[in-house]
Amino acid sequence: MLSTMQDVPLTVTRILHHGMTIHGSSQVTTWTGGSEPERRSFAEVGARATRLAGALRDELGVGADERVATLMWNNADHLEAYLAVPSMGAILHTLNLRLPAEQLIWIVNHAADRVVIANGSLLPLLAPLLPHLPTVEHVVVSGPGDRAPLDAVTGQGRVRVHEYEELIAGRPATFDWPELDERAGAAMCYTSGTTGDPKGVVYSHRSIYLHSMQANMGESMGLTDRDTTLIVVPQFHVNAWGLPHATFMVGVNMLMPDRFLQPAPLAEMIETERPTHAAAVPTLWQGLLAEVTERPRDLTSMARVTIGGSACPPALMAAYDKLGVRLCHAWGMTETSPLGTTSNPPSGLTADEEWPYRITQGRFPAGVEARLAGPGGDFLPWDGESAGELEVRGPWIAGAYYGGAGAEPFRPEDRFSPDGWLRTGDVGVISPDGYLTLTDRAKDVIKSGGEWISSVALENALMAHPEVAEAAVVAVPDEKWGERPLATVVLKDGAAPDYAALKEFLAGSIAKWQLPERWAVVRAVPKTSVGKFDKKVIRKQYAEGELEVTLV
Ligand code: ADP
């Protein structure tokens, strides 16, 4: 029997209309680095998004399914593109401005972007790429920054340059939004390439709508119009974890840092704008912690913080607890929109009892089914002990990549099971009550004499040492064991390396056979474009003899 319910498509257009009317007075505040941040109401954002859609269609000729890329920081103009482009039936393609030039060129050409909306401050990055981007016909420039870098390119006549404000000024306040299929593409992101070439994921209207609803549930981020969220995770990284669409849907005020992502301005914006929530990767919170330890600031408004993208060291969580800020761990990936798990402990526990739950990656919501695949292809029990590769399935999980994969040899069957589950490449265990603990990425786990050593467990233990600022552990070849861990550590100012003492410290929580015998002090852990430890680079540095390794 068919249901008797209405079949109304779930679209970004609906989020736009709802947010700009019902929550019209909520605010988007963009940090400018000057004395006054820029403030825009949701009603204004919606009206400007409407004009932007009109301009893109009527002036630039953007049609259905065409890709409109953004090369932008987190700010209100970027949010307008987030709402306008999908709602008009085109595809929003957010470009990661931290990628090396060759990767950006590869990605834009692979997606065949027709328009790039770019922040003025990023033109020095964009201009030299344009001659290599044959599909790009229009550049729309938003916000402050010298326009001169584009002069050479516009001289060639192929690319037309527009000013964002001029383009939307004087345009009609209405737009005849198309009726969209909820399964149609709305936005696309490429993975940041931590473990290989970037791969494109195309989100649908339906997946964004359902993911937004999940993000707004209490078991995930659960924000309301009483909250202000500081969105530090870039809008070019998995749609800022889905926050812009989710928060526009329910009227959560947004605080956008624009290009001011250094610890000092972040501390200042938290103290003065008093957000109640924030979202960013662990390395960012490490940096902010160092800043406020040196120059104390009041962070207490920010009662809750969503942290993910890589494993959050428990020591970091404990340090923020002392500042009155509760870090809540979440796991996800570009392919999962990204909300997979969120680590809210079950109810009714004391702070001590909550701790073992808080340091897991968290629980799956109803929209994400999970299973663990063992080495032999069998599925493992949720007993908190059996470690396997995590596979997931759900309405906001990718089932394929856009146009195949990158230049690196890639077999779709490595990422998607024959019955349609996403193979995440993450290795972990699940407890009987559904909490996921990741022990490693399949590519980072250290395979020592037939046993696995978790690089993440070693890193977390090292980062709990008072003199260690950061630590990254990678597998290096070993004649006897196949692979052994190499520990690279960044020491706090003034500390001298005492490897024997560090090893002794690790022995307090790590099995003896897992302790690293190769050690190196580094000035900084190399990071990827989205702030994760770049283990490919560390392995290369080791292989090329660039690290001063001590055997202990
Ligand atoms: P890339 O795969 O290019 O790094 P993503 O941003 O999609 O780009 O990264 C997803 C990966 O990040 C996950 O597969 C996982 O390995 C890691 N990750 C994300 N969140 C967490 C977390 N809370 N704990 C540990 N690892 C995480």
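Which value in Å does the Kirkwood hydrodynamic radius of segment 40-123 take, with 1/r averaged over all unlike C-alpha pairs and then inverted? Its Kirkwood hydrodynamic radius stands at 13.1 Å.
Taking segment 431-495, which trypsin sites (Lys or Arg not before Pro) meet the DSSP loop condition and have no more than 11 other C-beta atoms within 10 Å? Qualifying residues, ordered by number: 480. What is the distance, in nm, between label points placed 7 Å from the Cα along the Cα-to-Cβ direction at residue 173 and at residue 1? About 4.8 nm, to one decimal.
Loop-located trypsin sites (Lys or Arg not before Pro) in segment 494-552 (DSSP state not H, G, I, E or B) with no more than 16 neighbouring Cβ atoms inside 10 Å: 523. Take the alpha carbon atoms of segment 61-119, find their center, do the same for segment 498-552, and report the distance between the two centers in whole angstrom. For segment 61-119 versus segment 498-552, the Cα centre distance is 38 Å. Working value for the chain: equivalent-ellipsoid semi-axes of 38, 26, 25 Å, each the square root of 5 times a Cα gyration tensor eigenvalue, largest first.
Just how far, in whole angstrom, is segment 295-348 from segment 232-287 if you go by their alpha carbon centroids? Between the Cα centres of segment 232-287 and segment 295-348 lies a distance of 13 Å.
Once C-alpha pairs closer than 8 Å and six or more residues apart are averaged by separation and normalised to the residue number of segment 351-441, the relative contact order reads 33 percent. Looking at segment 312-402, the GluC sites (Glu not before Pro) that sit in a DSSP loop and have at most 15 other Cβ atoms within 10 Å of their own Cβ are 385.
Here segment 12-203 yields Rg over Rh of 0.95, to two decimals, using C-alpha coordinates and the Kirkwood radius. Rolling a 1.4 Å probe over the protein chains gives residue 209 an accessible area of about 40 Å². Length, then width, then depth: along the principal axes, the Cα atoms of segment 298-456 run 49, 37, 28 Å. Here residue 13 sits with roughly 10 square angstrom of accessible surface, probe radius 1.4 Å.
Above 19 Å, the calculated P(r) of segment 446-551 contains 39 percent of its Cα-Cα pairs. Ligands, DNA and RNA are left out, and with a 1.4 angstrom probe the accessible area of the chain is 41 Å² per residue.
Given a 1.4 Å probe and every protein chain left where it sits, what share in percent of the accessible area of the chain is carbon and sulfur? Here carbon and sulfur together make up 53 percent of the probe-accessible area.
Extension gain for the segment residue 500 to residue 64, taken as residue separation times 0.36 nm less the Cα-Cα distance, is 150.7 nm to one decimal. Once the Kirkwood radius over Cα pairs is known for segment 379-515, the Stokes-Einstein relation at 20 °C and 1.002 mPa s delivers a diffusion coefficient of 124 µm²/s.
Highest average first, the peptides 88-99, 221-232 ordered by how many other beta carbon atoms sit within 10 Å of their residues are 88-99, 221-232. Largest first, the three principal axis extents of the alpha carbons in segment 351-441 are 48, 28, 23 Å in whole numbers. Residue 8 contributes about 90 Å² of solvent-accessible surface, heavy atoms of the protein only, 1.4 Å probe. With the contact rule set at Cα under 8 Å and sequence spacing of 6 or more, what percent relative contact order holds for the chain? In percent, rounded to a whole number, it is 11. Over all pairs of different C-alpha atoms in segment 224-279, the reciprocal of the mean inverse distance, the Kirkwood hydrodynamic radius, equals 11.4 Å. The angle separating the long axis of helix 76-87 from the principal Cα axis of greatest extent in the chain is about 70 degrees.
The values are calculated or read from the model by the stated rules, or taken from the named source; none is laboratory data. Source: prediction; values computed, not measured. Don't worry about glycine lacking a Cβ; one is built from the backbone with ideal geometry, like all the others, and counts go over all protein chains shown. Accessible surface is based on the protein model in full, side chains and every heavy atom, while ligands, DNA and RNA are left aside. Shrake-Rupley method; radii C 1.70, N 1.55, O 1.52, S 1.80 Å.
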